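Below you'll find the structure, written out as structure tokens, and then a few comments.
Values in this text are rule-based calculations from the coordinates and carry no lab data. Remember, it's a predicted structure, so these values are computed and weren't measured experimentally. Every residue, glycine as well, gets a Cβ built from its backbone with ideal geometry; the counts of neighbours run over all protein chains shown.
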Amino acid sequence: MDKVINGKLLREEKLALFSEKIKSIPDKLKLVVIQVGENAASDVYVRNKRNVCERVGILFKHLKYDSITEDELVSVISGLNNDSSVTGILVQLPLPEGINTENVINSISPLKDVDGLTIKNVGALFSGKPRLVPCTALGVMSILDNIDANLEGSNVVVVGRSKLVGLPLVALLLRENATVTVCHSKTVNLKEKTSQADILIVAVGNKEFIKGDFVKKDAIVIDVGINRDSGKLYGDCAFDEVVGKCKYITPVPGGVGPLTITYLINNVIEAYHLQKKD
Ligand code: GUN
């Protein structure tokens with residue numbers, strides 16, 4: 001296994017597996033992505049989601065609104081909740097100001113919430129009965145599994161406490177008996193914490209925030225950051241400084257990124273089975 005983890009290779013392996021699962025399902029799966037307002041990054045993410053869905057045979061519907069009220073949005077979602085041809089619903093974030101994101105997200109049926117962001121799915125994860133779990137967190141766990149990272153008893157430091165990445169990772173890592181420390185923007189003496197990590201996971205959205213001296217020798221470094229600067233992508237870690245010290249590192253681009261949409265596909269399949277059971 002190379003020191004620089006190849007997320008694209010792992011994506012191909014997992015997508016082949018998920019495509020087989022989809023072929024064995026007698027119904028057609030359908031993902032609806034809702035986007036509100038103009039956001040160039042969201043346009044790219046939605047296009048990528050469409051491409052991967054089409055590749056594996058999932059129907060993709062993109063509902064894009066220049067402007068819509070919160071009530072109207074909730075009513076659109078209610079229609080999709082009641083439409084048995086819709087397997088998964090995803091509201092692309094961020095939503096424009098003036099719309100309460102939590103209200104909108106929690107109007108999605110937990111059985112169709114492929115982002116795993118509704119209160120019910122977050123509660124299920126933290127009470128030890130995970131159902132639909134945010135796909136980036138699942139992608140990180142699949143990378144750790146693929147390199148045979150020994151999680152039990154390891155010191156894992158997660159930098160970032162977002163609902164999409166940091167928080168679900170805490171729950172998933174605890175399930176594997178890791179010793180988890182969560183750091184965030186108010187953490188005092190961050191370097192002291194990160195330099196204790198056997199496994200360092202960084203998801204803060206701050207270009208090259210983690211320098212070489214933040215990292216313990218031979219640590220595993222998972223960089224979840226995607227930061228655009230002058231048309232180029234950067235991670236949350238200063239790759240050139242960190243790569244010489246660590247055992248493994250995920251590059252940006254080409255590390256965690258490719259696994260995110262891959263696990264969205266996983267979640268559409270999971271959502272289908274949850275609805276069948278219900
Ligand atoms: N915006 C950036 N990443 C994500 C994601 O994983 N899900 C949603 N809904 N919006 C995003």
### Query
Translational D (Stokes-Einstein, µm²/s) of segment 194-278 at 4 °C and 1.567 mPa s when Rh comes from the Kirkwood sum over C-alpha pairs?
92 µm²/s
### Task
For helix 166-175, report the angle its Cα long axis makes with the longest principal axis of the Cα atoms of the chain; keep it between 0 and 90° and round to the nearest 10°.
80 degrees
### Task
Scale the Cα Rg of segment 1-100 by the rule-of-thumb value 2.2 N^0.38 Å and send over the ratio, two decimals.
1.28
### Query
Expressed as an acute angle from 0 to 90° and rounded to the nearest 10, what is the orientation of the C-alpha long axis of helix 257-277 relative to the principal long axis of the chain?
40 degrees
#### Entry: FRET efficiency, GLN196 to ASN100 (Cβ-Cβ, R0 35 Å, nearest 0.05)
0.35
### Task
Would you calculate the separation in nanometres between label points at LYS211 and HIS273, each defined as 7 Å from the Cα along the Cα-to-beta-carbon direction?
4.7 nm
### Message
On a straight-distance basis, which lysines could pair with LYS245 in a cross-link, Cα separation under 28 angstrom, same-chain partners fewer than 8 positions away excluded?
### Response
LYS3, LYS8, LYS186, LYS191, LYS193, LYS207, LYS211, LYS216, LYS217, LYS232
### Selected from VAL202, VAL159, VAL74 as most flexible by GNM, with the chain as the system and alpha-carbon contacts under 10 Å
VAL74
### Loop GluC sites (Glu not before Pro), segment 1-95, which have at most 11 other Cβ atoms in a 10 Å radius of their Cβ (DSSP)
GLU38
### Message
Per residue, how big is the convex hull of the chain when only Cα atoms are used? Give it in Å³.
### Response
131 Å³
### Message
Can you tally the net charge around GLU20? Count Lys and Arg as +1, Asp and Glu as -1, for every other residue whose Cβ sits under 14 Å from the Cβ of GLU20.
### Response
+2
### Query
Spin-label point model (7 Å from Cα, Cβ direction): what's the VAL44 to LYS61 distance in nm?
2.9 nm
### Message
Given an 8 Å cut-off on Cα distances and at least 6 residues of separation, report the relative contact order of the chain as a percent.
### Response
21 percent
### Task
Report, in whole Å, the centroid distance computed from the Cα atoms of segment 175-194 and segment 1-41.
30 Å
### Message
Quick check: the angle from helix 70-81's long axis to the longest principal axis of the chain, C-alpha only, nearest 10 degrees?
### Response
80 degrees
### Summary
Yeah, segment 160-230 with a ≥ b ≥ c from its alpha-carbon gyration tensor (a/c under 1.5 is rounded, else prolate when a/b outruns b/c, oblate otherwise) is oblate
### Message
Quick check: residue separation of PHE126 and GLU72 times 0.36 nm, minus the Cα distance between them. What number comes out in nm?
### Response
16.3 nm
### Query
Near LYS186, within a Cβ-to-Cβ distance under 14 Å, what is the net charge of the other residues, with Lys and Arg +1 and Asp and Glu -1?
+2
#### Entry: Contour minus Cα-Cα distance for LYS3 and HIS184 (0.36 nm per residue)
62.5 nm
### Query
When the helix-only estimate is applied to the chain (DSSP H runs of n ≥ 4, each -39,500 (n - 2.57), divided by the residue count), what is the mean residue ellipticity at 222 nm, nearest 500 deg cm²/dmol?
-12000 deg cm²/dmol
#### Entry: Highest-fluctuation residue, THR262, THR187, THR118 considered, GNM on the chain with Cα pairs under 10 Å
THR187
